[in-house]
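The values are calculated or read from the model by the stated rules, or taken from the named source; none is laboratory data. In this text the structure is predicted, and so the values were computed from the model without any measurement. Cβ sites come from the backbone with ideal geometry, for glycine too, and all protein chains shown count toward neighbours.
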Amino acid sequence: MNVGDEVVVDISGIAHGGHCVSRFEGRVIFVRHAIPGEKVKVRITDISKSFARGDCIEVLSASKDRVTPPCTYAHPGGCGGCDFQHISTPAQRKLKAEIIKEQFSRLAKKSIDVEVEEVKPNLGWRSRMEFTVSQNGRLAMYESRRNNLIEISECKIADPKVDIGGINSRKLPIGKKIDVAVGTTGDVVTSIEGRENIALIKQEVAGFEFSISPDSFWQSHTAAPQTLLAVVMEMSGLRQGDHFYDLYSGVGLFASGALSLVGPGGRITMIEESGSSITDARRNFANYETVEVIEGKVERELSKFVRGDVVVLDPPRAGAGERVIKSIAALNPRTIVYVACDPAALARDTAILEARGYELDAIRAFDLFPMTQHIESVARFIRSE
């Protein structure tokens, strides 16, 4: 088998990472732009010792879930920003649920049942976008697993207030990153790599107003902050007087929801490594005496504490890992709520948590990245009896 070869395969299932699974003469091929149950022609794009990758270039037997992609760039050789535009949105969520279940079965040795819940809108949802300027001075996105830049004049998943045409009409620096962020008040901030930008984005969630720098993390889906805040606060079971930890806190989304729940006799500890997020958090919580904002790595700073009642963590894609989980368990909290953007990391950390005396009590999943392979999950862990 060589790169460029074309083979006909049956698609047997879905894999974590936006690919479907097939086999040809004993070799596993991970295929983009296909759907389980289809027979397709695949062009091989990459080959390794144990598997190959390819693009579906022709559908010989189509799934009932196949639809025409709403975006003209969603095709082999096109923009790599979306993985599933060729699949109906209900079917996308079913496939994502299968991915979560498979990861938990393989990595945590657990059988779970989870539904990936719809969060609208399915298009025009992304409030934060990152582009790269092409050699022609136009906004572009990368092809999947390639360094090829695909120039675009529109993006179907971007918030409609992201004015790609207007930005393309400007003189843009070739090769630089362009970040665009949309606030809940409708303000739009465009940042160009290498140029100082002091504009702040306003975001209001459940009555709390944040001012956020373009470099600070914020959930991309316009409905994600409110959705996640509501679920996390419900799962946390916070009480008046609790000591609440918001780990990998960013600008403090979950801390904002905990304020009234722990009350004036409670305590909120935020730990975050990002300097811009720390600056934003200290500004946004400056008037709240019950909140402490700590800058540093979670694995180092958390070990300085000896007790806690409720811990919420929202780690990066790689997950928290054993060192952090050991420090969390040492606090002996009654409840741990884990927000995860990668089901594999959540499954691995679930196994570590259970070895430390915490059992998975509840899990929900949300389609906060429609048209892409990404999934957001929220899991609650309680002390084992």
Report the residue count in region 262-291 for those that are closer than 22 Å to W218 by Cα and not hydroxyl-bearing (S, T, Y). 16
For region 295-323, enumerate the residues that are over 12 Å from Y245 (Cα atoms), surrounded by fewer than 23 Cβ atoms within 10 Å (Cβ to Cβ) and in contact with a strand residue (DSSP E or B) (Cβ under 8 Å, 6 or more places away or on another chain). E295, G296, P315, G319
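Would you check if there is a residue in region 12-35 being part of a loop (DSSP other than H, G, I, E, B), within 30 Å of A362 (Cα to Cα), in the same structural domain as P343 (by TED's automatic domain parsing) and among the small types (G, A, S)? Let's see the steps before the verdict.
Kept after step one, since they are part of a loop (DSSP other than H, G, I, E, B), are these residues of region 12-35: 16-18, 25-26, 33-35.
Narrowing the set further to residues that are within 30 Å of A362 (Cα to Cα) leaves 16-18, 35.
Narrowing the set further to residues that are in the same structural domain as P343 (by TED's automatic domain parsing) leaves none.
No.
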Quick check on this structure: which one of A97, A140, A91, A74 is out of contact with any Lys or Arg (no Cβ under 7 Å at 6 or more places or on another chain), in a strand (DSSP E or B) and surrounded by fewer than 22 Cβ atoms within 10 Å (Cβ to Cβ)? A140
Go through E115, E25 for me and flag whichever is at pLDDT 95 or above, over 18 Å from E143 (Cβ atoms) and among the charged types (D, E, K, R). E115
Being surrounded by fewer than 24 Cβ atoms within 10 Å (Cβ to Cβ), farther than 30 Å from D159 by Cα and of a type in the set (D, E) is the requirement here; does D349 meet it? no
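Of K120, K109, K156, K161, which residue is touching a strand residue (DSSP E or B) at 6+ places or on another chain (Cβ under 6 Å) and at pLDDT 95 or above? If you could, list the steps in order and put the result at the bottom.
Values: K120 fails: touching a strand residue (DSSP E or B) at 6+ places or on another chain (Cβ under 6 Å); K109 fails: touching a strand residue (DSSP E or B) at 6+ places or on another chain (Cβ under 6 Å); K156 fails: touching a strand residue (DSSP E or B) at 6+ places or on another chain (Cβ under 6 Å).
One residue alone meets the criteria, K161.
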Check region 179-192 and report whether any residue there is over 20 Å from M141 (Cβ atoms), outside any loop (DSSP other than H, G, I, E, B) and either among the polar types (S, T, N, Q) or not assigned by TED's automatic domain parsing to the domain that holds V378 (or both). no
Counting only residues that are among the hydroxyl-bearing types (S, T, Y), within 27 Å of D5 (Cβ to Cβ) and at pLDDT 95 or above, region 46-71 contains a total of 2
Is one or more of the residues making up region 40-49 closer than 27 Å to L107 by Cβ, touching a helix residue (DSSP H, G or I) at 6+ places or on another chain (Cβ under 6 Å) and not in a strand (DSSP E or B)? no
Of the residues L247, L253, L229, only one is under 17 Å from the mean Cα position of the chain (by Cα), surrounded by fewer than 22 Cβ atoms within 10 Å (Cβ to Cβ), within 18 Å of C341 (Cβ to Cβ) and touching a residue at least 24 places away in the same chain (Cβ under 8 Å); which? L229
Which number in (1) surrounded by 15 or more Cβ atoms within 10 Å (Cβ to Cβ); (2) without any contact (Cβ under 8 Å) to a residue 40 or more places away in the chain marks the one condition that E196 misses? (1)
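Check whether at least one residue in region 297-312 is under 30 Å from Q92 (Cβ atoms) and touching a helix residue (DSSP H, G or I) at 6+ places or on another chain (Cβ under 7 Å), and report yes or no. It would help to see each step written out before you state the result.
First pass over region 297-312, keeping only residues under 30 Å from Q92 (Cβ atoms): 312.
Filter again for touching a helix residue (DSSP H, G or I) at 6+ places or on another chain (Cβ under 7 Å), leaving 312.
Yes; the residues of region 297-312 include at least one that is under 30 Å from Q92 (Cβ atoms) and touching a helix residue (DSSP H, G or I) at 6+ places or on another chain (Cβ under 7 Å).
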Which members of region 112-135 meet the condition of being more than 20 Å from V162 (Cα to Cα) and without any contact (Cβ under 8 Å) to a residue 60 or more places away in the chain? D113, Q135
Name the residue that is surrounded by the most Cβ atoms within 10 Å (Cβ to Cβ), counting only residues in region 155-175 that are under 25 Å from H374 (Cβ atoms) and touching a residue at least 40 places away in the same chain (Cβ under 8 Å). I157
